[in-house]
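**Student:** Quick one: the structure is below, and I'll ask about it shortly.
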Amino acid sequence: MKDKKQKYADLLLKCLKLEDKKYLFVRLPDFLSDFADLIKISAESYDLKEVHIEVEEVFKKHDLLRDLDQENINKHPMFDHKEYNRYAKLDAAFLFIQSMVPNLMDDVDPKKIKDTATHTRETEREFRSLYETDKLNWCIAGVPNKYWAQDGLKMSEDELWELIFKVCLVDDEHDPYLLWQEKLNALEEKAEVLNDYNFEYLKYSNSLGTDLKVYLPKGHIWACGKDKLGRIVNLPTEEIFTSPLYNKTEGIVYSSKPLLYNNVSIEDFYLEFKEGKIVNFHAEKGEEVLKGIIETDEYSCYLGECALVSFDSPISNTNIIFQETLYDENASCHLAIGSGFNECLKDSFDKRGDELRALGVNDAKTHVDFMIGTKDLRIVGVTYDGEEITIMQEGNIAI
């Protein structure tokens with residue numbers, strides 16, 4: 001088990017492509033100190049000046065959010081990410097390790113969660129500017145913990161580790177990085193097929209009641225989890241994605257899996273769109289948190305991403321809801337509320353704000369994925385001359 005954990009740590013650093021970097025910034029929860037040590041060992045293979053470990057005190061963060069008013073939350077150093085800016089200016093590579101604690105934030109006012117996320121984002125403005133225009137090397141990955149495994153998934157921590165190894169292609173025999181290159185090359189080929197069609201819009205439907213029409217900007221680009229420099233930004237990744245024409249989505253879409261946002265679960269919800277904007281919504285659980293996401297700013301009520309993932313895919317086939325979006329979004333077709341991607345539109349690499357929206361891609365202060373894929377999901381792409389191409393049939397990519 002220890003050797004495979006080290007192999008996993010090695011893989012994450014390979015995803016970052018550190019060969020020309022001098023600084024590595026790693027953010028992870030305080031209960032993952034053992035994995036932080038493995039990252040440091042992996043980093044010895046590179047010519048780095050510094051490995052900075054930014055520790056998030058998860059339970060202390062909960063207590064502060066629960067007990068302090070917003071004014072004092074904003075003053076607390078825990079919610080100040082200026083250190084991100086300093087390392088971004090040094091051209092550091094950023095590794096973000098996610099490891100959820102089930103139901104941790106259930107007793108925290110959803111408005112505090114929303115307002116604190118907005119405040120924290122403002123403190124990391126320079127980092128965001130470089131991150132959102134694809135000028136930093138970064139990767140997001142998950143690491144198990146006992147709370148996630150035992151309380152959330154009702155299994156042992158070792159069993160969760162074995163699942164993570166499986167979906168991240170880590171075994172005793174192969175180089176997982178080479179396996180990921182093969183997988184991502186295949187996804188790139190499918191993305192190119194979609195790009196050649198140059199769809200005007202996509203039609204979504206399934207038995208949950210989803211009946212949605214998503215228009216795409218002229219010059220849109222389908223991409224996968226490997227960027228143009230070969231960096232793997234999410235691990236695992238099974239998706240092909242693009243950004244929609246933000247102000248022209250019509251219809252209704254139903255969630256197919258719970259959305260965990262800041263350790264609060266949002267379940268059994270729908271969103272209704274008119275002229276791109278969410279005009280109606282409801283959730284059986286977590287509705288106030290969903291409302292907070294949608295109302296983060298004036299543009300967080302529009303879509304920023306539509307992603308294709310086959311129902312018959314490695315994470316989906318585990319038949320486990322991981323309760324962590326990093327995994328669950330790669331088991332299901334999904335959409336995202338909020339910001340879109342510069343790289344998914346021609347000639348928009350350095351565009352942001354009104355300039356990006358003028359070209360059709362949203363820019364907002366949030367980006368939250370939610371899962372919509374089902375076994376009977378059908379997606380049809382319609383070209384500008386009216387040709388209809390089946391993209392997803394019975395939940396699986398059909399191109």
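**Student:** First measure r as the distance between the Cβ atoms of I252 and D350, then evaluate 1/(1 + (r/R0)^6) with R0 = 25 Å and state the FRET efficiency to the nearest 0.05.
**Tutor:** On the way: r = 35 Å, r/R0 = 1.41.
With R0 = 25 Å, the Cβ-Cβ based efficiency is 0.10.
**Student:** Okay, moving on. Assuming R0 = 35 Å, can you tell me the calculated FRET efficiency for the pair D158 and D107, based on Cβ-Cβ distance, to the nearest 0.05?
**Tutor:** Values: r = 30 Å, r/R0 = 0.86.
For D158 and D107, the calculated efficiency is 0.70.
**Student:** Counting only heavy atoms of the protein chains, get the accessible area per residue of the range 200-250 (1.4 Å probe) and round it to a whole Å² value.
**Tutor:** Value returned for the range 200-250: 32 Å² of accessible area per residue.
**Student:** Using 0.36 nm per residue of separation minus the Cα-Cα distance, give me the extension gain between D151 and E173 in nm, one decimal.
**Tutor:** 4.7 nm
**Student:** Greater than 29 Å separation of Cα atoms is the criterion. Which listed pairs, K248/K346; K112/K257; K82/K166; K14/K60, meet it? Intermediate values should be presented prior to the final figure.
**Tutor:** Details: K248/K346 19 Å; K112/K257 25 Å; K82/K166 36 Å; K14/K60 32 Å.
Over 29 Å apart, Cα to Cα: K82/K166; K14/K60.
**Student:** Continuing with the same structure: What 222 nm value per residue comes from the helices of the chain, counting each DSSP H run with n ≥ 4 as -39,500 (n - 2.57) and dividing by all residues, nearest 500 deg cm²/dmol? Could you put the intermediate results ahead of the total?
**Tutor:** Details: 12 runs with 123 residues, N = 399.
So the helix-based figure for the chain works out to -9000 deg cm²/dmol.
**Student:** I've got another one for you. Work out which helices of the chain, taken as complete DSSP H runs, extend at least 27 Å along their axis over the Cα atoms and score a mean Kyte-Doolittle of -1.0 or more, then list them.
**Tutor:** 176-197
**Student:** Please report the spacing between the Cα centers of the range 280-294 and the range 211-251 in Å, no decimals.
**Tutor:** 24
**Student:** Give the percent of DSSP beta bridges with both residues in the chain that are antiparallel, rounded to the nearest 5. Write down the numbers at each step before the final one.
**Tutor:** Working: 51 of 69 bridges.
Here the antiparallel bridges make up roughly 75 percent for the chain.
**Student:** If packing is taken as the average number of other Cβ atoms within 10 Å across a peptide's residues, how do 171-177, 245-251, 316-322 rank, most packed first? Mind showing how you got there, number by number?
**Tutor:** Details: 171-177: 12.6, 245-251: 19.7, 316-322: 16.0.
Per-residue mean Cβ counts within 10 Å order the peptides as 245-251, 316-322, 171-177.
**Student:** If you count only protein heavy atoms and use a 1.4 Å probe, how large is the accessible surface of E188, to the nearest 10 Å²?
**Tutor:** 70
**Student:** Enumerate the aspartates and glutamates that K5 could reach by cross-link, defined here as Cα to Cα under 17 Å, with residues fewer than 8 away along the same chain left out.
**Tutor:** Within the straight-line cut-off, K5 pairs with D34, D37, E44, E157, D158, E159, E162, D171, D172, E173, D175.
**Student:** May I ask you to give the solvent-accessible area per residue for the range 135-192, in square angstrom, as obtained with a 1.4 angstrom probe? Don't jump to the answer; show the numbers that get you there.
**Tutor:** Values: 2750 Å² over 58 residues.
The answer is 47 Å² per residue.
**Student:** Order these peptides, 3-10, 65-72, 353-360, by their mean beta-carbon neighbour count within 10 angstrom, highest first.
**Tutor:** 3-10, 353-360, 65-72
The values are calculated or read from the model by the stated rules, or taken from the named source; none is laboratory data. For clarity, every value in this text was computed on a predicted model and none was experimentally measured. For neighbour counting, all protein chains shown are included, and Cβ atoms are generated from backbone atoms with ideal geometry for every residue, glycine included. SASA here: full protein model, heavy atoms, side chains in, ligands and nucleic acids out. Shrake-Rupley method; radii C 1.70, N 1.55, O 1.52, S 1.80 Å.
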